[in-house]
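First the structure, in the form of structure tokens, and then the observations on it.
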Amino acid sequence: MTEHTLTVAGVAVDTRHWIGGERVASTETFTDVSPIDGSVLGEISRGTATEAAAAVAAAKAAFPAWAATPRAERARILHAVADGVEKRLEELAIVETTDNGALLRSHRRGVMPRVAHNFRFFADWLLKLEHEDFETRGHTNHVSWDPAGPSVLITPWNAPLMLATWKVAPALAAGNTVILKPAEWTPLTASLLADIAAESGLPAGVLNVVQGYGSEIGDALTSHPDVRRISFTGSVPTARRIAASAAANLTPLSLELGGKSPLLVFADADLDLAVDLAVEQYDNAGQVCLAATRFLVEESVAEEFTRRFVKKAGQLTQGDPRDEATDIGPNIHPRQLEKIDGFVQRALAAGACAVIGGHRKDAQYYAPTLLTDVAQDSEIVQEEVFGPVLTLQSFTDEDEAVRLANDTRFGLAATLATGDPERAERVTARLVAGTVWTNCFFVRDLQAPFGGSRHSGVGREGGTWSFDFYCDVKNTVTAPTGWRNHG
Ligand code: NAD
């Protein structure tokens, strides 16, 4: 314990950066606040260009040895990190809930086990990563994945450790060294991950964690000539700034951005299932990039769907995310609540009708909201709110459903509720989305590609797609024995 240690729900968290295997304090700090009750958790080291340069230098120095570490040894260390996550699962869960306000029960049972799984999955995938050789006129073409170099990973606050490790694990497995910058509203679990990584035998400098405001430390990280990959999850405006900053060095980018995804409910659907899927969209107080926030419901069942939705949504419990009975917790920050309410009040002023909600509950919580009578070209239908705010529109046929579904600048995901498999196939083929779920939501295998189309992102990660991104993929062509090139 030092003057830089916070005790959060009984767990000791170091508030300094983790650079080159050492804790490094900044002279300036920023204040971390819990969204549960607005209480101050503590002061966190506030990095600038100086810490960014130090972290990149540490990652650069550690890169050759880590890149040369045999795959089996890298995989062993990543499994040790997963063991460390599992050992400290309860601590990670309560610290994350205190810092970002998402449900403790889902951190315990879903999110933190998945964090450990991220490390195990990419460790195992590394060991079986190979491509069949191609043959050209007797020559062998052999594909290999070379580690690319120091990688900057920048993550948001809505699922801090889950989204961070979804990048950290494949980047480390690939043989890259990492500079992770968590969001300033939720810096704590990244610091615990640094402790776990050190305890697991990850060499100094292979994982570095720096904290601070994106506007102060971000540019120094993303414009650094020694950085060979940038993976970012966050908003579209920040992505534009990062892409511009990375352009100077042509640093390859992966961007996972926002969405305005549809839930299409056809009259042939199991309506109870459709309503279950719809109510799920309030998860994490609506702060989920993949959320299907636009309900598009076939006209003949729209009234009945709405009736059942209102009944089911009315059974949700909103409150302290540490309580087992809670379904919807607080929103992340007073600024986010203000933003959410701004969207809703402008929509109401433009003629929308709040079937439920339409207002704040208090300083921490927003009432789950469903808006109808919304125009397709209105702000509330076109822009991501990132709060518990959903809209409902109706359609008369499949063509109209597809047209409305595709008519935003995003393309992250789409969800269909239909009892007709042929319709599901037809509609899926016409939807612009990185992921389409039929009669389900949020299920995804780590082997599968993940990412968004249009303004929802650039590139895909998951399974081999992650290694394709984090590595320089090489083709080695070897002539058959005794071959002579006669032109
Ligand atoms: P944000 O863009 O404000 O911030 C994300 C991160 O970028 C933070 O760590 C922030 O400090 C950093 N940052 C800000 N300015 C920067 C700069 N100039 N240079 C470098 N880094 C900078 O996003 P947010 O509000 O934290 O997150 C919410 C957004 O993330 C939503 O749009 C949501 O849809 C999106 N999101 C997408 C996915 C996905 O997988 N597609 C997942 C979760 C969240």
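General observations
- Search result, residues across region 20-43 that are touching a Gly at 6+ places or on another chain (Cβ under 8 Å), among the β-branched types (V, I, T) and touching a residue at least 24 places away in the same chain (Cβ under 8 Å): I36
- For region 188-226, a residue qualifies if it is part of a helix (DSSP H, G or I) and open to solvent by 20 Å² or more (accessible area, probe 1.4 Å), and the qualifying residues are D195, A198, E199, G214, S215, E216, D219, A220.
- Qualifying residue in region 237-256 (condition: assigned to a loop (DSSP other than H, G, I, E, B), under 22 Å from N406 (Cα atoms) and modelled with pLDDT of 95 or more): no
- For beta carbons closer than 6 Å, sequence separation of 6+ or different chains, a first residue in region 55-82 that is small (G, A, S) and a second that is surrounded by fewer than 17 Cβ atoms within 10 Å (Cβ to Cβ) and part of a helix (DSSP H, G or I), the qualifying pairs are A75/L127.
- Selection count where residues are touching an Asp or Glu at 6+ places or on another chain (Cβ under 9 Å), within 10 Å of the ligand (Cβ to nearest atom) and open to solvent by 40 Å² or more (accessible area, probe 1.4 Å), scope region 227-268: 2
- Some residue of region 162-178 being open to solvent by 10 Å² or more (accessible area, probe 1.4 Å) and part of a loop (DSSP other than H, G, I, E, B): no
Matching residues to (1) charged (D, E, K, R); (2) away from the ligand (no atom under 14 Å from the Cβ); (3) within 29 Å of I332 (Cα to Cα):
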| position | (1), (2), (3) |
| --- | --- |
| T165 | no, no, yes |
| A169 | no, yes, yes |
| A183 | no, no, yes |
| L188 | no, no, yes |
| A198 | no, yes, no |
| G205 | no, yes, no |
| G214 | no, no, yes |
| I217 | no, no, yes |
| A220 | no, no, yes |
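- Filter result (closer than 20 Å to T98 by Cα and within 24 Å of the chain's Cα centre (by Cα)) within region 18-34: F30, T31, D32, V33, S34
- Some residue of region 149-159 being part of a helix (DSSP H, G or I) and either in contact (Cβ under 8 Å) with a residue 24 or more places away in the chain or within 21 Å of F469 (Cα to Cα) (or both): no
- Assessment of region 416-434 against the conditions (closer than 30 Å to A269 by Cα, within 16 Å of the ligand (Cβ to nearest atom) and in contact with a helix residue (DSSP H, G or I) (Cβ under 7 Å, 6 or more places away or on another chain)) yields at least one matching residue.
- Test: residue in region 298-313 that is within 16 Å of the ligand (Cβ to nearest atom) and among the basic types (K, R): no
The values are calculated or read from the model by the stated rules, or taken from the named source; none is laboratory data. Here the structure is a predicted model, which is why all the values come from computation and not from measurement. Glycine also receives a Cβ, built like all others from the backbone with ideal geometry; neighbour counts cover every protein chain displayed. SASA here: full protein model, heavy atoms, side chains in, ligands and nucleic acids out. Shrake-Rupley method; radii C 1.70, N 1.55, O 1.52, S 1.80 Å.
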